[in-house]
Number of protein chains: 2
Amino acid sequence: MTAGSEDTLVQMDRQDPLAAKTAAFDVPAEQIYLDGNSLGCLPVSAKQRAREVVEQQWGQDLIKSWNLHQWIDLPFSAGEKIARLIGAAPGQTICCDSISVNIFKLLSAALMMHNERHVVLSQQGNFPTDLYMVQGLARQLGEDRCSLRLAADDDIASALTDDVAVLLLSHVNFRSGALYDMQAITEQAQARGILVIWDLAHSAGVVPVQLDACRADFAVGCGYKYLNGGPGAPAFLYVARRHQAQAAQPLSGWMGHMAPFDFDNAYQAAPGVAGFLTGTPPVISLSILDAALDVFADVDVAQLRQKSLALAGVFMQRVAQSPLLAELQLLSPVDEAQRGAQLAYRHPHAFAICQALIAHGVIADFRAPDILRVGFSPLFLRFADIGRSVDVLSRIMRDELWRDPAYAVRHKVT
Amino acid sequence: MTAGSEDTLVQMDRQDPLAAKTAAFDVPAEQIYLDGNSLGCLPVSAKQRAREVVEQQWGQDLIKSWNLHQWIDLPFSAGEKIARLIGAAPGQTICCDSISVNIFKLLSAALMMHNERHVVLSQQGNFPTDLYMVQGLARQLGEDRCSLRLAADDDIASALTDDVAVLLLSHVNFRSGALYDMQAITEQAQARGILVIWDLAHSAGVVPVQLDACRADFAVGCGYKYLNGGPGAPAFLYVARRHQAQAAQPLSGWMGHMAPFDFDNAYQAAPGVAGFLTGTPPVISLSILDAALDVFADVDVAQLRQKSLALAGVFMQRVAQSPLLAELQLLSPVDEAQRGAQLAYRHPHAFAICQALIAHGVIADFRAPDILRVGFSPLFLRFADIGRSVDVLSRIMRDELWRDPAYAVRHKVT
């Protein structure tokens, strides 16, 4: 189907099996939100649950809620809802802490399982916090027990040498949207005795992930992007069942104890993935994430993928067809099989263009030094939105609206 | 003032300078809540802020809120509100992660500053997660770089030997409510070159704490107990300014980077306490905690302390005067100067008694194996509540209501 006319887009929206899902979100009026890759929109279910957990459960039932409202089970119940979206059988996925903290746990566990090797291999273009956590662990343990090595993003295979203990990769690149072949890379790494930690921040909930089928070792991911769990929502982690008996992590807080309410002085890890919990669960934010995940209950990831690619396809095609947008250089792979749910365009004035877009109701984001990033969350976007967003972008370029000095002001977060 | 008659209590409520504060909370009707030491009540300001951050900031302003609503500053703005309550000058306190995770950061930093010693001294009766975090670090680093030693709670002084690197103590004991002399112990420890980490979980917001005046090195504390920040609220940590230049921690995530949005591949810690941040801040729960802290804005900790001790005094005196309650053995120090804001009573049927109390509208809590714990949060309790709670307890003991088999059922969390 071509994306030529407005009629085509209206028809695509009519035929969209996920069209009804937009009603499950509180999307701000008069805005087109292309930043679900940074922060997903507010699901109505999450809004209701936020009121319930704060006003009823905390406000009225107070401490009794740990049992009455199963607060204590939230890391597991939310985890299993995510498990469905990442191809993980039950008992391997929990929600807790941040991605950064969870990477530290998994890295530590993997290195302890592998004490004759100490190299952690990652990609040049990984999201910095992933690399920073390796650097922190290396400073703590010493370079003889943990050291970071970086390979070019497009040449991981040849860096999989026999001295590598752990491979830490982002499934989808946060800048370019490039997608790794999880199956192939996991297989190549494991053939050399390397354990793999996948960061699913930009794939969980929008790109089909098959952790079990790929025989993945470990994974982490984000609750606030495509899972729409709210700003700073808890992250998740996955430990393959076959590693659970030997994998141990150093952030051994009371929630990971086999009997936390016995108040023993000696730590004994809970069996299974529960041993990867640390402190008291963040009940309010976990409840909100848990409710946000209910939007996915009757949705197939294949459907999400199909629509997300179609939305991106319309955007790409329209940008390519507009002479006004010729200066925007596509950084993302054109091949759908190699791309996540976002597109990145390079432009020397990307920052000001992004600000102008936002001022005109199209919420995109900017990544230093010169990247305009647009994300295609399939649950709350319509095809008509995409058409309009390219129209706005064209107008901004045609009239050079981005030259307005107001759009050059940088805040702390962009 | 004696606590003999109901009239006395009515008069105490009338003279209570904090009496008006009860209106700042949504306290459940028909209940007396003596468990603010586990989970504080819902402040009205927190309820309003929860709606605002979810429905307006997330729902409508979405990603723009990072600047528009200062989300990025929350770890610092909430931290400074706590700083006031713990005697810390600005620039030393931040809100982030859980107590467990924060202990790991501070322990690691302290041991790195002290690399010729490796013993972490703590108390037998410390809250288990504190000990578990030392054990986790010891497993990771090896016993030659970190090893846990336990001293009797009432004999810390003689255990302060020259091989100890770090002393990790809970200011108020979670079971007994016993309070350490922070000034004296910090001084004794530092005289032997020992760095001290104070866990303020059961003192921040209710017991006067003077971290700066005591020349404390490090501290952590809890957002959901006396600070009323909501279930699983983020914790806080304090790093004395004089240590900030050399203290470094291994959970070096992007929020602790000096320029997180430059997306550099090499970690460079932010100056000051900001280098102790790790992942993306938990915006919703931090906002709720931040609003809860506003209840303290016009309150003096000395007032909180005075009322809390007076409430506990009434409880203690009435229990002591009732022959029906003779079997309840007070575990907490009688001397006010040695006690936090809770009382602990030992009874072989403490579990069933606690359940019976809850069923009759008095929310207390139980700590294995035989401890009934009652907490005296001065912001939302009235003296009349205390009188009634002892009446209910007396009736339960007189009529042996706790023998009801329903009260013997243990849930996961009690």
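Structure above, values below:
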{"read-out": "Segment A:303-342-segment B:380-402 distance, computed between alpha-carbon centres (Å)", "value": "68 Å"}
{"read-out": "Positive-end residue, the protein assembly as shown charge dipole about Cα centroid, Cβ charges, pick of A:Gln124, A:Ile185, A:Ala270", "value": "A:Ala270"}
{"read-out": "Cα shape, segment B:363-407, gyration tensor, a/c 1.5 rule", "value": "oblate"}
{"read-out": "Farthest toward positive dipole pole in the protein assembly as shown [+1 Lys/Arg, -1 Asp/Glu at C-beta], among A:Val209, B:Leu293, A:Pro281", "value": "B:Leu293"}
{"read-out": "For chain B, the longest site-free run once GluC sites (Glu not before Pro) in DSSP loop states with at most 16 other Cβ atoms within 10 Å are removed", "value": "B:144-326"}
{"read-out": "Cα centroid of segment B:283-300 to Cα centroid of segment A:15-32, whole Å", "value": "34 Å"}
{"read-out": "Euclidean distance between Cα centres, segment B:201-219 to segment A:98-177, Å", "value": "38 Å"}
{"read-out": "Rounded to 5, the percent of DSSP beta bridges in segment B:70-296 classed as antiparallel", "value": "35 percent"}
{"read-out": "Directionally averaged shadow of segment A:141-220, computed from the convex hull of its alpha-carbon atoms, nm²", "value": "5.6 nm²"}
{"read-out": "Inter-chain Cβ neighbour average for residues B:23-32, partner chain, 10 Å", "value": "2"}
{"read-out": "Fraction of antiparallel bridges per DSSP, the protein assembly as shown only, in percent to nearest 5", "value": "55 percent"}
{"read-out": "Under Karplus coefficients 6.51, -1.76 and 1.60, residue-wise ³J(HN,Hα) of segment B:388-401 in Hz, glycine/proline x", "value": "5, 5, 6, 4, 4, 4, 4, 5, 4, 6, 5, 8, 6, 4"}
{"read-out": "Three-way shape call for segment B:1-133 based on the alpha-carbon gyration tensor, with the a/c threshold at 1.5", "value": "oblate"}
{"read-out": "Charge dipole (debye, nearest 20) of segment A:70-296; +1 at Cβ of Lys and Arg, -1 at Cβ of Asp and Glu", "value": "100 debye"}
{"read-out": "Partner lysines for A:Lys81 [C-alpha distance under 17 Å; skip if fewer than 8 residues away on the same chain]", "value": "A:Lys225"}
{"read-out": "Cα gyration tensor, the protein assembly as shown - rounded (a/c under 1.5), prolate or oblate", "value": "prolate"}
{"read-out": "Two-site FRET efficiency, B:Asn115 against B:Ser77, from Cβ-Cβ distance with R₀ of 41 Å, rounded to 0.05", "value": "0.75"}
{"read-out": "Extension gain from A:Arg410 to A:Arg241, taking 0.36 nm per residue of separation minus the Cα-Cα distance", "value": "56.2 nm"}
{"read-out": "Normalised alpha carbon radius of gyration of chain B [divisor 2.2 N^0.38 Å]", "value": "1.01"}
{"read-out": "With Cα atoms, 0 to 90° folded angle of helix A:283-293 axis to chain A main axis", "value": "50 degrees"}
{"read-out": "Kirkwood hydrodynamic radius over Cα pairs of segment B:197-318, then Stokes diffusion coefficient at 37 °C and 0.692 mPa s, in µm²/s", "value": "199 µm²/s"}
{"read-out": "Per-copy distances of the A:Gly272 label point, shortest first, in nm (7 angstrom along Cα→Cβ)", "value": "4.5"}
{"read-out": "From phi via Karplus (6.51, -1.76, 1.60), per-residue ³J(HN,Hα) for segment A:6-21 in Hz, x at Gly/Pro", "value": "5, 4, 4, 5, 4, 5, 4, 5, 5, 8, 6, x, 9, 3, 5, 5"}
{"read-out": "Shortest-first distances to equivalent copies, position B:Asp404, nm, label 7 Å out along Cβ", "value": "6.6"}
{"read-out": "Vicinal HN-Hα couplings computed from phi for segment A:170-185 (Karplus, 6.51 cos²θ - 1.76 cosθ + 1.60; Hz; Gly/Pro x)", "value": "8, 4, 10, 5, 5, 8, 7, x, 5, 10, 7, 7, 4, 4, 5, 5"}
{"read-out": "Dipole in debye (nearest 20) - the protein assembly as shown, about Cα centre, beta carbon charges: Lys, Arg +1; Asp, Glu -1", "value": "140 debye"}
{"read-out": "Per-copy distances of the B:Ala245 label point, shortest first, in nm (7 angstrom along Cα→Cβ)", "value": "5.3"}
{"read-out": "Calculated over segment A:286-414: convex hull of Cα atoms, volume per residue (Å³)", "value": "126 Å³"}
{"read-out": "16 Å reach of a label modelled at A:Ala19, 7 Å along Cα-to-Cβ, counting backbone N of segment A:365-405", "value": "A:379-387"}
{"read-out": "Charge dipole (debye, nearest 20) of chain A; +1 at Cβ of Lys and Arg, -1 at Cβ of Asp and Glu", "value": "280 debye"}
{"read-out": "Long-range amide H partners of B:His118 with built H, under 5 Å", "value": "B:Ala165"}
{"read-out": "Closest approach to the axis - chain A beta-carbon, rotation onto B, Å", "value": "A:Ser285, 2"}
{"read-out": "Förster radius 41 Å - calculated FRET efficiency between B:Gln11 and B:Ala368 (Cβ-Cβ, nearest 0.05)", "value": "0.60"}
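None of the figures in this text is laboratory data; all of them are computed from the coordinates on show. Computed from a prediction, not measured in an experiment: that's the story for all the values here. With ideal geometry, Cβ positions are generated from the backbone for all residues, glycine too; neighbour counts draw on all protein chains shown.
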